[in-house]
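Q: Structure in structure tokens, see below.
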Amino acid sequence: MNMKDHILAALREQFNQWEELLTGMSAEQLSTPHLPSKLSTKDIVAHVYAWQKISLVRMEAAASNREPEFPKAPAGFDLDTENDVDGINAWFYETYRDQPWSIIHQHWRVGFLRLLELGEGIVERELLDSSRYPWLKGHPLAFVLIASYDHHQEHLDGLHAWLRELACEAAS
């Protein structure tokens, strides 16, 4: 298996893990804030979706052989350099907090599948070439996919830990 196939297989497996987890959660589990973050599962999925959109902008740009065009952000936020992650995260939260779960889940799901589709469409040589896309400042495009995997995994691990905690509380 080449590196591209390995990265995409890991992302597909992760997508399936998320889907299994999310479809097995009750409406209460989706909407209940988790301590200490005070974010619900819905908020966490909206958060990873918002960052996923940035990854999609980069992947779309690579697929179209152009510079990325990031969505408009409030003054002081640079989505390309991610100059104020806490501020950007707060803005994402405010943007998505009132949207219903069905919309958040659908956007996240479609975005994740689109990320996989774009990854499939880029030849491995271009995916791994750190000089191919100057706007990535020395990083290969594969970094975008790997960073998305890492970010999703971080939050997936957190959700699993939270659910284990709930199960322990219910058992005692």
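The values are calculated or read from the model by the stated rules, or taken from the named source; none is laboratory data. No experiment lies behind these values; they were computed from the predicted model shown. Here the Cβ is made from the backbone with ideal geometry for all residues, glycine too, and neighbour counts use every protein chain on show.
Q: What's the number of the only condition in (1) surrounded by fewer than 17 Cβ atoms within 10 Å (Cβ to Cβ); (2) within 20 Å of Leu21 (Cβ to Cβ); (3) over 13 Å from the mean Cα position of the chain (by Cα) that Leu113 fails to meet?
A: Every listed condition holds for Leu113 apart from (3).
Q: Go through (1) among the hydrophobic types (A, V, I, L, M, F, W, C); (2) closer than 28 Å to Trp162 by Cβ; (3) at pLDDT below 95; (4) crowded, with 16+ Cβ neighbours inside 10 Å one by one and return the number of the condition Ala27 breaks.
A: (4)
Q: Taking the conditions exactly as written (of a type in the set (Lys, Arg), over 14 Å from the mean Cα position of the chain (by Cα) and at pLDDT 95 or above), does Arg132 satisfy them or not?
A: yes
Q: Just one of Val48, Val144 is touching a residue at least 24 places away in the same chain (Cβ under 8 Å), farther than 29 Å from Ala27 by Cβ and under 14 Å from the mean Cα position of the chain (by Cα); which is it?
A: Answer to the check: Val144.
Q: Just wondering, is there one or more residues in the stretch 123-137 that are of a type in the set (Gly, Ala, Ser) and surrounded by fewer than 12 Cβ atoms within 10 Å (Cβ to Cβ)?
A: yes
Q: Related question: Hey, among the residues in the stretch 1-24 that are touching a helix residue (DSSP H, G or I) at 6+ places or on another chain (Cβ under 9 Å) and charged (D, E, K, R), which one's surrounded by the most Cβ atoms within 10 Å (Cβ to Cβ)?
A: Lys4
Q: All but one of (1) without any contact (Cβ under 8 Å) to a residue 40 or more places away in the chain; (2) of a type in the set (A, V, I, L, M); (3) farther than 23 Å from Ser102 by Cα hold for Ile54; state the number of the condition that does not hold.
A: (3)
Q: Considering the stretch 152-172 alone, what residues qualify as being of a type outside the set (Lys, Arg) and free of Cβ contacts under 8 Å to residues at least 12 places away in the same chain?
A: Glu154, Asp157, Ala161, Glu165, Ala167, Cys168, Glu169, Ala170, Ala171, Ser172
Q: For the stretch 1-56, name all the residues that are of a type in the set (Gly, Ala, Ser) and part of a helix (DSSP H, G or I).
A: Result: Ala9, Ala10, Ala27, Ser31, Ala46, Ala50, Ser55.
For every residue, the table says whether it meets (1) closer than 20 Å to His105 by Cα; (2) among the charged types (D, E, K, R).
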| position | (1), (2) |
| --- | --- |
| Pro33 | yes, no |
| Lys38 | yes, yes |
| Trp51 | yes, no |
| Leu56 | yes, no |
| Pro68 | no, no |
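Q: Cβ-Cβ distance below 8 Å, separation of 6 or more or different chains: which pairs start in the stretch 83-107 with a residue that is touching a residue at least 12 places away in the same chain (Cβ under 8 Å) and closer than 16 Å to Ser37 by Cβ and end on one that is part of a helix (DSSP H, G or I) and of a type in the set (A, V, I, L, M)?
A: Pairs found: Phe92/Ala46; Phe92/Ala50; Tyr93/Ala46; Tyr96/Ala46; Tyr96/Ala50; Tyr96/Ile104; Arg97/Ala46.
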